[in-house]
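Participant: Submitted below is the structure of interest, expressed as structure tokens.
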Amino acid sequence: MDRKIFLVGVGGIGSNLGEMITRFCRTLPNFQRVHLILIDGDKIENSNLSRQKFEIIDINKNKAQALADYLRATKPEILEIDSIPEFVTTKNIRDVFRSIQEQDIVITALDSTPPRKLIAEYLEQFPSFILLNPGNELTDGSLQVTIKRNGTYLSPNINNALHPEIFNAKKPKKRAGCAVLALSNAQVITTNVYVATLTAKVVSDLLKLDEEMTPIDSLVIPAEVYFDLTTFTMRMISPQEINAKLQLMSERK
């Protein structure tokens, strides 16, 4: 079965995740085909080099195109890599996801919440989709996993009452970006790689479903994972736990 992975945002999380996906595709069987689509409209700056998979010669190049070139040098035959050098907006979202199918995976590795919300709400129209939403601050982060199959959510959508920062996302105020934070605190580099690793683990499990012919609803995948590197702690939250919290919040209204 052919699987597409739409990786939206290839900065601190996305560029590290792209390399991980490329490398573990070497462990997949030859009959499986994976199409990795890198999506980002940003250009590479000198400040990106400390934590992203780019080099000095890449400065001023588009991030999606530069990462695609880098990954093609090590990719296995089963993996196809393409790039879309654009930000996802209301104007182009249909074109970006025009080829999406129910077995495909969408990953929003973005700094800003409005495009996360835009993509999550766009995917709601489909009876089946898989959406992974990784993100981090300086020393902590999380990964939300949304899986919908045949009209039923196997894990809750990130656009729920537990994440109003996504659901109520508006145009963000001007603030220091991840590149600025990385220069002021090297810990964010480790945090980027950690959340990218968590996301890669889930992607790997989902891809191996095809190999093992396992129903997706039998796979043990958390609805959310939260971690804090200052205390070396990680907590997995099940879909059942989130649904119970949502039910309780609904009853209190």
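The values are calculated or read from the model by the stated rules, or taken from the named source; none is laboratory data. Just so it is clear, the model here is predicted, and its values are computed rather than measured. Ideal geometry is used to build each Cβ from the backbone, glycine not excepted, and the neighbour counts take in all protein chains shown.
Participant: Which ranges mark the helices (runs of 4 or more DSSP H) fully within region 3-116 that have 3 or more residues being closer than 17 Å to PRO134 by Cα? Before you say what the answer is, go through the steps one by one.
Facilitator: Numbers: elements: 14-24, 63-72, 93-96.
Correct list: 14-24.
Participant: So, of the residues in region 84-123 that are of a type in the set (Asp, Glu) and out of contact with any Gly (no Cβ under 8 Å at 6 or more places or on another chain), which turns out to be surrounded by the most Cβ atoms within 10 Å (Cβ to Cβ)?
Facilitator: We begin by selecting, within region 84-123, every residue of a type in the set (Asp, Glu); these are 86, 95, 102, 104, 111, 121.
This time we only want the ones that are out of contact with any Gly (no Cβ under 8 Å at 6 or more places or on another chain), so: 95, 102, 104, 121.
Working: ASP95: 11, GLU102: 13, ASP104: 19, GLU121: 14.
Here the answer is ASP104.
Participant: Considering only residues that are of a type outside the set (A, V, I, L, M, F, W, C) and assigned to a helix (DSSP H, G or I), look in region 202-227 and name the one that is modelled with the highest pLDDT. Outline the logic, then answer.
Facilitator: Keep residues of region 202-227 that are of a type outside the set (A, V, I, L, M, F, W, C), which gives 204-205, 208, 210-212, 214-215, 217-218, 222, 224, 226.
Within this subset, residues satisfying the condition of being assigned to a helix (DSSP H, G or I) are 204-205, 208, 210-212, 217-218.
On the way: SER204: 91, ASP205: 88, LYS208: 78, ASP210: 58, GLU211: 51, GLU212: 49, ASP217: 56, SER218: 58.
Among those residues, the one meeting the criterion is SER204.
Participant: Take the residues in region 119-157 that are part of a loop (DSSP other than H, G, I, E, B) and in contact (Cβ under 8 Å) with a residue 60 or more places away in the chain, then tell me which one is nearest to ASN243 (Cα to Cα).
Facilitator: PRO156
Participant: Hey, among the residues in region 23-41 that are at pLDDT 95 or above and surrounded by fewer than 22 Cβ atoms within 10 Å (Cβ to Cβ), which one's nearest to SER204 (Cα to Cα)?
Facilitator: Looking at residues that are at pLDDT 95 or above and surrounded by fewer than 22 Cβ atoms within 10 Å (Cβ to Cβ), I get HIS35.
Participant: Considering only residues of region 189-206 that are touching a helix residue (DSSP H, G or I) at 6+ places or on another chain (Cβ under 7 Å) and of a type in the set (A, V, I, L, M), which is farthest from LEU229 (Cα to Cα)?
Facilitator: VAL203
Participant: Also, I was wondering about something else. When you go through THR230, THR152, THR199 one by one, which is the residue that is more than 17 Å from the chain's Cα centre (by Cα) and at pLDDT 90 or above? Spell out how you get there, then give the answer.
Facilitator: Numbers: THR152 fails: at pLDDT 90 or above; THR199 fails: more than 17 Å from the chain's Cα centre (by Cα).
Of THR230, THR152, THR199, the one residue that is more than 17 Å from the chain's Cα centre (by Cα) and at pLDDT 90 or above is THR230.
Participant: Right, next: Restricting to region 44-74, what's the tally of residues that are surrounded by fewer than 20 Cβ atoms within 10 Å (Cβ to Cβ) and touching a strand residue (DSSP E or B) at 6+ places or on another chain (Cβ under 6 Å)?
Facilitator: Counting residues in region 44-74 that are surrounded by fewer than 20 Cβ atoms within 10 Å (Cβ to Cβ) and touching a strand residue (DSSP E or B) at 6+ places or on another chain (Cβ under 6 Å) gives 3.
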